[in-house]
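Colleague: Below is a structure I'd like to ask you about.
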Amino acid sequence: MALPLTPIWFIALPLLLAFLAPLWARLRLLLPLLFGAQVVLLALAAALVPAVRQAPFLETIVIAPPLGIHLHLDAVALLLVTLFHGAAALLALFVWLDEGAAHLRGPRPFVLLLLLVAGCDGMVLTGDLFNLYVFLEIAGVSAYALSALHRDRAGLEAGLKYVIIGSVAAVFFLFAVVLIYLQTGQLNIAAVAADFAAIPAPMQVLIGLLLLVGLGIKAELFPFNFWVPDIYQGSDPAVASLFSGVLVKAFLFVLFHLAFLLLADPRVAQVWLMGLGAATLLVAETVALRQPDLRRMLAYSSLGQIGLIALALGFASEATTAGALLHMVNHTLAKLLLFLVAGLLMRRAASARLEALTGLGRQMPLAAGLFVLASLSVLGLPPLAGFASKLWILTGFAEAQVFWPIALILFGALLEAGYYFRWVKALYATGDAPVARGPAPTPARSAYLPLLLIAALLLLLGAAPFLLEADLVGAAQALLDRAATIEGVLGAQP
């Protein structure tokens, strides 16, 4: 008998595989299963596309909404879980084929990676605030442990900092959930949204601030993101790619999903959210200019792109939201490629410093070429995916006759060009700069297969963004349409 097509599998399958990790370890099936599970869930996402295009998929567990727990799979949630599992599949394939990533091949990283992806899936699928907190903690605890996988000084320091900062953020979020429950008697997000306007205004402000601080820390928005570069620098580059490409996207979705759903008029939060996005973009891109460590440069670059996405989402128009969602896809693919290539370069040079990587592009031409391609996509140059997503965002602002975000985005792109070309120039330099070569062998050719797949996807989405246009517009409408979400869950207009 065929298994039912239900979004529960996005959470249940990773949890089941993680629970049975000792069995897979004995059978030496960890990496094939890690990759295979992501491919299976990608197939499930593809199979659910026709149903979700017709109407959101509501999976109820216990009684009925708003009293029961339910998963809500609409167009934007489907886009994100597809993105998460696509990124996880590419990472799993890289770890499988890369002979030098021994520390990522055991039962511990296998379990933690599955729990991280399951937690991110749960955050975008759940329709219940308490379960949202549970999934937030599952993803968070997994991230804390993953950041310390190396067990060296830098890794342990990163893990400790992540535990402290992440716990503070979780406390802020939990306080907001408690206040919401005390005020409304509800935990179902749609039911809370229907009753939120009845909460006294001072309490609404307090709840909003608690959510903003808690989720602002998790989503890495300025001024709550001072800790991020240390975490990325201490973590393995493959793990950092998952943080930048998957984890932060889930937290961004939660922040904006709650803002658009709880507030009847999203313009109430528009100034705050756009302001935080603009500040994040400007500060991160400026600081990235002077970074001498490749991992810290990529960390600040990621923060700048998160600021751009938050700026576009905060404007809350269909065009800028659809462009921001496409930029999420571009940023996930580009940063996955950049961090994985950075790991190969660092392993060969035994350092992440600019002076140590000087001239290395001539010894590793394919890795350096992929680094350049991903950098150009981040900059937004044609014919890469970053051009299509940035153009969509800029067009959305221009159509609304709001021009200051356009100037800021273009200025940010100039700053990006400054520091990315600095690193590209160093990779291809021919001078006598000191280069510290480590004993690590040249990466196996098979390890480049997932990297080439990512590069191909960046080129495909840049040349033919219309392939995703209808789905992105539908996802933007689902994220912005508060009334439809409430009606779909509760069966009544707010």
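The values are calculated or read from the model by the stated rules, or taken from the named source; none is laboratory data. Here the structure is a predicted model, which means the values were calculated and not measured. Note: ideal-geometry Cβ built from the backbone for every residue, glycine included; neighbour counts use all protein chains shown. Heavy atoms of the whole protein, side chains included, go into the accessibility calculation; ligands, DNA and RNA do not. Shrake-Rupley method; radii C 1.70, N 1.55, O 1.52, S 1.80 Å.
Colleague: With the checklist (1) surrounded by 19 or more Cβ atoms within 10 Å (Cβ to Cβ); (2) under 23 Å from the mean Cα position of the chain (by Cα); (3) over 23 Å from Val271 (Cβ atoms) in hand, flag the one item Phe173 doesn't pass.
Modeller: (3)
Colleague: Restricting the search to the stretch 22-48, which residues are under 25 Å from Leu73 (Cα atoms), of a type outside the set (A, V, I, L, M) and touching a helix residue (DSSP H, G or I) at 6+ places or on another chain (Cβ under 7 Å)?
Modeller: Within the stretch 22-48, Phe35, Gln38 qualify.
Colleague: Separate question: Identify, please: which residue in the stretch 428-454 is in a helix (DSSP H, G or I) and modelled with pLDDT under 90 and is, among those, nearest to the chain's Cα centre (by Cα)?
Modeller: Looking at residues that are in a helix (DSSP H, G or I) and modelled with pLDDT under 90, I get Ala447.
Colleague: Only residues that are among the aliphatic types (A, V, I, L, M) and open to solvent by less than 10 Å² (accessible area, probe 1.4 Å): list them for the stretch 316-338, please.
Modeller: Ala322, Ala324, Leu325, Leu326, Met328, Ala334, Leu336, Leu337, Leu338
Colleague: Follow-up. What about Thr82, is it surrounded by 21 or more Cβ atoms within 10 Å (Cβ to Cβ) and either closer than 30 Å to Thr184 by Cα or within 15 Å of the chain's Cα centre (by Cα) (or both)?
Modeller: It is false that Thr82 is surrounded by 21 or more Cβ atoms within 10 Å (Cβ to Cβ) and either closer than 30 Å to Thr184 by Cα or within 15 Å of the chain's Cα centre (by Cα) (or both).
Colleague: I would also like to ask the following. What pairs come out if I take residues in the stretch 352-373 that are without any contact (Cβ under 8 Å) to a residue 40 or more places away in the chain and pair them with residues that are buried (at least 20 other Cβ atoms within 10 Å of the Cβ) and not hydroxyl-bearing (Ser, Thr, Tyr) whose C-beta lies under 9 Å away, six or more apart or interchain?
Modeller: Gln363/Arg348; Gly369/Gly361; Gly369/Ala455
Colleague: Still on this structure: Only residues in the stretch 125-147 that are farther than 17 Å from Phe172 by Cα count as the first member; pair them with residues that are in a helix (DSSP H, G or I) and of a type in the set (Ser, Thr, Tyr), Cβ under 6 angstrom, at least 6 apart or cross-chain, and list the lot.
Modeller: Tyr144/Tyr162; Ser147/Tyr162
Colleague: Write out, first by first residue and then by second, each pair whose Cβ atoms fall under 7 Å of each other, whose residues are 6+ apart or on separate chains, and whose first residue, in the stretch 399-421, is in contact (Cβ under 8 Å) with a residue 12 or more places away in the chain while the second is among the hydrophobic types (A, V, I, L, M, F, W, C) and outside any helix (DSSP H, G or I).
Modeller: Every condition considered, the pairs that remain are Leu415/Leu289; Gly418/Leu289; Tyr419/Leu289.
Colleague: Does any residue of the stretch 176-192 turn out to be open to solvent by 20 Å² or more (accessible area, probe 1.4 Å), closer than 25 Å to Phe315 by Cα and without any contact (Cβ under 8 Å) to a residue 12 or more places away in the chain?
Modeller: The answer is no, given that none of the residues of the stretch 176-192 is open to solvent by 20 Å² or more (accessible area, probe 1.4 Å), closer than 25 Å to Phe315 by Cα and without any contact (Cβ under 8 Å) to a residue 12 or more places away in the chain.
Colleague: Oh, and also: Show the residue pairs that are 6+ apart or on different chains and have beta-carbon atoms under 9 Å apart, the first residue being within the stretch 458-470 and closer than 18 Å to Val372 by Cβ, the second being of a type in the set (Val, Ile, Thr) and at pLDDT 90 or above.
Modeller: Leu461/Val329
Colleague: Another one. Taking Glu157, is it in contact with a helix residue (DSSP H, G or I) (Cβ under 9 Å, 6 or more places away or on another chain), in a helix (DSSP H, G or I), over 16 Å from Leu34 (Cα atoms) and without any contact (Cβ under 8 Å) to a residue 60 or more places away in the chain?
Modeller: For Glu157, the condition - in contact with a helix residue (DSSP H, G or I) (Cβ under 9 Å, 6 or more places away or on another chain), in a helix (DSSP H, G or I), over 16 Å from Leu34 (Cα atoms) and without any contact (Cβ under 8 Å) to a residue 60 or more places away in the chain - is not met.
Colleague: Of the residues that make up the stretch 49-71, is at least one at pLDDT 90 or above and buried (at least 19 other Cβ atoms within 10 Å of the Cβ)?
Modeller: no
Colleague: Okay, moving on. Condition first: out of contact with any strand residue (DSSP E or B) (no Cβ under 9 Å at 6 or more places or on another chain) and either closer than 20 Å to Ala176 by Cβ or of a type in the set (Ser, Thr, Tyr) (or both). Now tell me which residues in the stretch 125-156 satisfy that.
Modeller: Tyr133, Leu136, Glu137, Ile138, Ala139, Gly140, Val141, Ser142, Tyr144, Ser147 - these are the residues of the stretch 125-156 that are out of contact with any strand residue (DSSP E or B) (no Cβ under 9 Å at 6 or more places or on another chain) and either closer than 20 Å to Ala176 by Cβ or of a type in the set (Ser, Thr, Tyr) (or both).
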